[in-house]
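The values are calculated or read from the model by the stated rules, or taken from the named source; none is laboratory data. Values in this document were obtained by computation on a predicted structure and should not be read as measured data. Using ideal geometry, Cβ is built from the backbone for each residue, glycine included, and neighbour counts are taken over all protein chains shown.
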Amino acid sequence: MIRRFDVALPHGITLACRAAGTPGASRVMLLHGFPEAAFVWDEVMARLAPVADCVAPNLRGYPGSSAPADVAAYRSRQLVADVAAIISVLGGPLDLLVAHDWGGALAWNLAAAQPGLMKRLLIINAPHPAAFLRELLTSPAQQAASAYMNFLCRPDADALLAERDFARLWPFFGGAAWLTDAVRAQYRSAWRNDGRGLTGPLNYYRASPLRPPSGPDDPVQTLLLPDAAVTVQVPTTVLWGEGDAALLPGLLDGLERWVPDLHVQREPGATHWIVHEQPRRVAEVITSLLRPALIKLPATEPASPGSQRTAPPGGSER
């Protein structure tokens, strides 16, 4: 059973949350990416419910959550502050932070800056910022794979993506078998975003300097990410769908430089959308990380039901 509630943060932002699980069990937070929303974690949370207390917030700009108008409100510092605040409001350090895509970008930064907010980190198809910067500057293949980011920064991207029943967005998923009529309806609702559309989610791209360079004077060309600012000391597992067409395997090369306690699990049969494709596998990895005897995963890299509205401490019913 998925519970829904709002969490008001001390700095004036409210995040709409979905949750499932056993109160008092291991605390897990799950962060979504683009063009998704918190509902993508529903099946994973349902599988984890007997062993974990799970919360999946809709990030700033997404359905039910605060959506400031200023693009500058979507810079990394503000977004990371939201995640740090909701962890604190809901009871303090997590046993595990799980994050995919844009949620992963925030999680990498939070783990580097405030490692005490989590015992462990699970990243799912989300590049470490230093590795992403390297590949955007040096890899023509990654530059081509990320070219869509420059389109998403266009001032008219919101309107273009909404045209003809979001005709430009559905191809992001390919010919996915999991994209049933019911899931399509969930995505349409998220993209309509209570009448606010895609402006908030697209502002993540507009506010970020990390995108393929459009010329020699592009700001990304001179962007510096000092190792001290991006090194993650939290024990980290990376689960990576190798069929990801947007985030190429080169993003995993040399990751140990910034993540000394690292375990990589490659999934050859999965794509960027592994949370949809293999929710059972994702839940198994999470469960293994919550079991003390199984915390150290192998270092090798092998080739909703109904909704109940209940608020935890720090949250308000919706």
Report task. Could you check, for the range 170-181, whether at least one of its residues is among the charged types (D, E, K, R) and more than 23 Å from residue 145 (Cβ to Cβ)? Result -> yes
Report summary line: In the range 40-62, anything buried (at least 20 other Cβ atoms within 10 Å of the Cβ) and assigned to a loop (DSSP other than H, G, I, E, B) is listed as 58, 59, 60, 61, 62
Requested in this report: Tell me, yes or no, whether the range 175-190 has at least one residue that is of a type outside the set (A, V, I, L, M, F, W, C), at pLDDT below 95 and surrounded by 13 or more Cβ atoms within 10 Å (Cβ to Cβ).
Outcome: no
Report task. For residue 177, indicate whether it is among the small types (Gly, Ala, Ser) and not in a helix (DSSP H, G or I). Result -> yes
Query - Pick from the range 102-124, criterion surrounded by fewer than 24 Cβ atoms within 10 Å (Cβ to Cβ) and not aliphatic (A, V, I, L, M), ranking: nearest to residue 230 (Cα to Cα) - result: 109
Requested in this report: Collect the residues in the range 44-65 that are polar (S, T, N, Q) and in contact with a His (Cβ under 8 Å, 6 or more places away or on another chain), keeping them in residue-number order.
Outcome: 58
Query raised in the report: Out of the range 261-277, which residues are within 19 Å of residue 121 (Cα to Cα) and polar (S, T, N, Q)?
Result: 265
Requested in this report: Would you check if residue 157 is more than 23 Å from residue 275 (Cβ to Cβ), touching a helix residue (DSSP H, G or I) at 6+ places or on another chain (Cβ under 8 Å), of a type in the set (A, V, I, L, M) and surrounded by fewer than 23 Cβ atoms within 10 Å (Cβ to Cβ)?
Outcome: yes
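Table: residues versus (1) closer than 15 Å to residue 123 by Cα; (2) modelled with pLDDT of 95 or more.
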{"site": "216", "(1), (2)": "no, no"}
{"site": "236", "(1), (2)": "yes, yes"}
{"site": "250", "(1), (2)": "no, yes"}
{"site": "259", "(1), (2)": "yes, yes"}
